[in-house]
Amino acid sequence: MFITFEGIDGVGKSTQIDAVERWLDKKGKKFIRSFEPGGTELGQEIRHLLLHRKGDVAPRSEALLYAADRAHHVATKIKPALDKGLVVLGDRYFDSSVAYQGAARELDLHEVRDISLWAVDNLLPDLTVLLDLDAEQAMQRRNQTGEGPDRLEKEKVDFFERAREAYLTLAKNEPARFLVLDASESIAQISEKLISELEKRFD
């Protein structure tokens, strides 16, 4: 099973992936965890270009760099793991590009999605967990971490609000693939709902 976790920065994706890892361990399921951008050696170089280089990156260039990272990630890590029967937990996937490089950067969402799907040879997740949170609240959470913001995290709140609305539209259009969870709830409440859904899908 291929499970991806999505949402704007600051919604708590890593925390919920941790919870799923513990649950999979208890069930004796073999899995790998990965993330984008940067889930491979080549991806680390692309990640630096995208998030930490000085200066702007043109929106179309940004979208293509994410697609390049994703194409290599799927070919060398995700697809081989799925072929071996492992569960793959992905911290972001192509829905992030549709939301961030499409909606937030105000590029054509369908074009960004088409480029992303071509890059991954049309590999869709079995389940996409969308952690939904108001952009203002998410920004407050990010500010509390004490970590320096990367290039994307420096964007203004309306950037993240456009990304959030795009995510919700994606979930509305593909209800069978998406599980939308209210990220304003407690960590325990979110984990309980998430694990409950996974129990149904793994049985």
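For the reader, a short list of remarks on this structure follows.
- Filtered by the rule that a residue be at pLDDT 90 or above and in contact with a strand residue (DSSP E or B) (Cβ under 9 Å, 6 or more places away or on another chain), segment 21-56 gives E21, L24, D25, K29, K30, F31, I32, R33, S34, F35.
- Restricting H48, H72 to residues that are more than 22 Å from A171 (Cβ to Cβ) and touching a Ser or Thr at 6+ places or on another chain (Cβ under 8 Å) narrows the list to H72.
- When segment 125-151 is filtered for residues that are at pLDDT below 95, in contact with a helix residue (DSSP H, G or I) (Cβ under 7 Å, 6 or more places away or on another chain) and acidic (D, E), the ones remaining, listed by number, are E136, D150.
- Residues (surrounded by fewer than 16 Cβ atoms within 10 Å (Cβ to Cβ) and free of Cβ contacts under 8 Å to residues at least 40 places away in the same chain) located in segment 20-41: R22, D25, K26, G28, E41
- Options Q44, Q16: the member that is closer than 19 Å to E199 by Cα and polar (S, T, N, Q): Q16
- Residue within segment 184-193 that is crowded, with 16+ Cβ neighbours inside 10 Å and touching a Gly at 6+ places or on another chain (Cβ under 9 Å) present: yes
- Residues of segment 43-59 classified as within 25 Å of I78 (Cβ to Cβ) and more than 18 Å from the chain's Cα centre (by Cα), total: 4
- Evaluated against (1) touching a residue at least 60 places away in the same chain (Cβ under 8 Å); (2) under 16 Å from F5 (Cα atoms); (3) in a helix (DSSP H, G or I), S97 falls short on exactly one condition, (1).
- Scan of segment 100-127 for residues that are touching a residue at least 12 places away in the same chain (Cβ under 8 Å), closer than 25 Å to T76 by Cα and part of a loop (DSSP other than H, G, I, E, B), ordered by number: V120, D121, L123, L124, P125, D126
The values are calculated or read from the model by the stated rules, or taken from the named source; none is laboratory data. Everything numeric in this text was worked out from a predicted model, so none of it was measured. As a convention, Cβ positions derive from the backbone with ideal geometry for all residues, glycine included, and neighbour counts pool all protein chains shown.
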